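Colleague: Here it is, the structure, as structure tokens.
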Amino acid sequence: MMYLDRLETLDGGKRARFHAEFSHVQKNSTTGVLFALFLGGFGAHRYYMGQIGIGVVYTLLFWTFIPGIIAFVEMFLMPSRVRVFNDAKANEIIDRIQ
């Protein structure tokens with residue numbers, strides 16, 4: 001369920017608490033795309049999304065240019081990944097608040 005539907009069920013104080021917490025954890029799709037485009041070969045977009053393990057793999061293999069090629073493709077997938085990430089984090093916060 002999208003978090004916006006669940007957000008409407010919260011009262012004013014809980015909604016303010018949600019926005020305060022969510023503003024610290026949400027990701028921006030433009031930032032993710034730019035990381036993938038310019039620093040994707042080093043795994044910056046993976047680090048940004050909190051995927052440290054795969055980010056380290058990208059960093060270790062950057063000299064092969066394979067992570068750069070993969071990152072170029074992932075650049076187009078980044079907006080949907082950010083949307084899913086933000087939705088999951090928002091639902092976690094709403095569950096904790098309720």
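The values are calculated or read from the model by the stated rules, or taken from the named source; none is laboratory data. Quantities reported herein were computed from a predicted structural model and do not represent experimental measurements. All Cβ positions, even for glycine, are placed from backbone atoms using ideal geometry, and neighbour counts span all protein chains on display. The protein model used for the area step is the full one, side chains on, heavy atoms only, and it has no ligands, DNA or RNA in it. Shrake-Rupley method; radii C 1.70, N 1.55, O 1.52, S 1.80 Å.
Colleague: Mind putting a number on the dipole of the chain about its Cα centre? Charges go on the C-beta only, +1 for Lys and Arg and -1 for Asp and Glu, and I need it in Debye to the nearest 20.
Modeller: 120
Colleague: Go through Phe42, Ile97, Phe85 and say which Cα lies farthest out towards the positive end of the charge dipole of the chain; charges sit on Cβ, +1 for Lys and Arg, -1 for Asp and Glu.
Modeller: Sorting the options by dipole projection puts first Phe42.
Colleague: Related question: With Rg/Rh (Cα atoms, Kirkwood Rh) defined as stated, name the option among (1) 1.36; (2) 1.11; (3) 0.92 computed from the structure displayed.
Modeller: Label of the calculated value: (2).
Colleague: Counting only protein heavy atoms and using a 1.4 Å probe, what share of the accessible area of the chain belongs to carbon plus sulfur, as a whole percent?
Modeller: 67
Colleague: Leaving ligands, DNA and RNA out of it, work out the accessible area of Glu21 with a 1.4 Å probe and give it in Å² to the nearest 10.
Modeller: Answer for Glu21: close to 50 Å² accessible.
Colleague: Under 9 Å from the Cβ of Met49, count the other residues' Cβ atoms, weight Lys and Arg +1, Asp and Glu -1, and hand me the total.
Modeller: +3
Colleague: May I pose another question? So what is the relative contact order for the stretch 1-97, in percent, with contacts set as C-alpha pairs under 8 Å and at least six apart?
Modeller: Reported relative contact order: 39 percent.
Colleague: Among the chymotrypsin sites (Phe, Trp or Tyr not before Pro) within the chain, which fall in a DSSP loop and have no more than 11 other Cβ atoms within 10 Å of their own Cβ?
Modeller: The qualifying sites are Phe65.
Colleague: Which sequence of His45, His24 reflects their accessible areas, 1.4 Å probe, from the largest down?
Modeller: His24, His45
Colleague: Now, a different point. Residue by residue through the stretch 30-37, what is 3J(HN,Hα) from phi via Karplus (6.51 cos²θ - 1.76 cosθ + 1.60, θ = phi - 60°)? Round to whole Hz and write x for glycine and proline.
Modeller: Karplus values, whole Hz, x for Gly and Pro: 5, 4, x, 5, 5, 4, 5, 5.
Colleague: Additional query: Roughly what angle does helix 12-25 make with the longest principal axis of the chain, taking Cα atoms, 0 to 90 degrees, to the nearest 10?
Modeller: Taking Cα atoms only, the helix is inclined about 10 degrees.
Colleague: Excluding Val82 itself, what net charge comes from residues whose Cβ is under 13 Å from its Cβ, given Lys and Arg +1 and Asp and Glu -1?
Modeller: Cβ neighbours under 13 Å give a net charge of +3.
Colleague: Here's something else I'd like to know. Ignoring ligands and nucleic acids, what accessible area does Thr31 show with a 1.4 Å probe (Å², nearest 10)?
Modeller: Ignoring ligands and nucleic acids, Thr31 comes out at about 50 Å².
Colleague: With every protein chain left in place, what is the accessible area per residue of the chain in square angstrom, probe 1.4 Å?
Modeller: Value returned for the chain: 63 Å² of accessible area per residue.
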